[in-house]
1. If we restrict to alpha carbons, what Rg and Dmax does segment 58-177 come to, in Å?
2. Just to confirm, what accessible area per residue do you get for the chain at 1.4 Å probe, in whole Å²?
3. Go ahead and estimate [θ] at 222 nm for the chain from helices alone: -39,500 (n - 2.57) per DSSP H run with n ≥ 4, summed, over the residue count, rounded to 500.
4. How large is the dipole of the chain about the Cα centre if only Lys and Arg carry +1 and Asp and Glu carry -1, each at its Cβ, rounded to the nearest 20 debye?
5. Leaving out ligands, DNA and RNA, and with a 1.4 Å probe, what % of the accessible surface on segment 1-157 is carbon or sulfur?
6. Taking H placed 1.01 Å from N in the peptide plane, check which residues at least 5 places from Cys123 or on another chain put their amide H under 5 Å from its amide H.
7. Tell me the Kirkwood hydrodynamic radius of segment 73-139 in angstroms, computed as one over the mean inverse distance between distinct C-alpha pairs.
8. What accessible area, in Å² to the nearest ten, does a 1.4 Å probe give for Tyr110?
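The values are calculated or read from the model by the stated rules, or taken from the named source; none is laboratory data. Just so it is clear, the model here is predicted, and its values are computed rather than measured. Ideal geometry is used to build each Cβ from the backbone, glycine not excepted, and the neighbour counts take in all protein chains shown. Heads up: the accessible areas ignore ligands, DNA and RNA and are worked out on the full protein's heavy atoms, side chains in. Shrake-Rupley method; radii C 1.70, N 1.55, O 1.52, S 1.80 Å.
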Amino acid sequence: MTLPLTGIRVLDMSHVIAGPMASFYLAQLGAEVIKIESPAGGDVMRASKAGPHEGDTPAGFVTLNAGKKSLAVDIREPEGNEAIRALAATADVFIENFRPGVVAKYGLDYDSIRAMRPDIVYCSISGYGQRGEWSQRGAYDHVVQALTGMMMMSGDSAEAPPLKVGFPVIDVAAGVL
């Protein structure tokens, strides 16, 4: 059986949950996903060992990155940056979730990638957009839960303090969408 995204190449420079969740779904639909990680330790989720029975690679990381190829590249080094640009020229989809301005500093922003691959689908995930007063703020799941009032609606009673939802629902929803 041929999956719907067979033949599509995704270059995934995202990390933690939202971006990896998005590219996970693309991989499950048949896309070739190449996950780029820093050689200085990889995705933050690689270090998130949750329990005493975890293997070499944490289950959370494995879950979000199943079906992907992985490549450690330092985009700050000229050779690494060139390797990413070469891969981007062959990709159909480019995903990143760095703070606004970071990928532009390395020539990996939408305009730069589009100059190499005009038909690229470029997905930039940020909590508060690429420009504006809040664009440089970190948008962690629990922060967005608080800002949206979700935490106010959780808990044992109306008098109880705000309570974070245990599951990273905001990050997962961003990745799904």
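1. Rg, Dmax (Cα atoms, Å): 18.0, 57.
2. In whole numbers, the chain has 57 Å² accessible per residue.
3. On the way: 7 runs with 56 residues, N = 177.
-8500 deg cm²/dmol, from helical runs alone.
4. Details: 15 positive and 20 negative charges, 35 e Å.
I would put it at about 160 debye.
5. Details: 5010 of 8720 Å².
Carbon with sulfur: 57 percent of the solvent-accessible area.
6. Phe94, Ile95, Glu96
7. On the way: mean 1/r = 0.0804 Å⁻¹.
Result for segment 73-139 stands at 12.4 Å.
8. Here the residue's solvent-accessible area equals roughly 100 Å².
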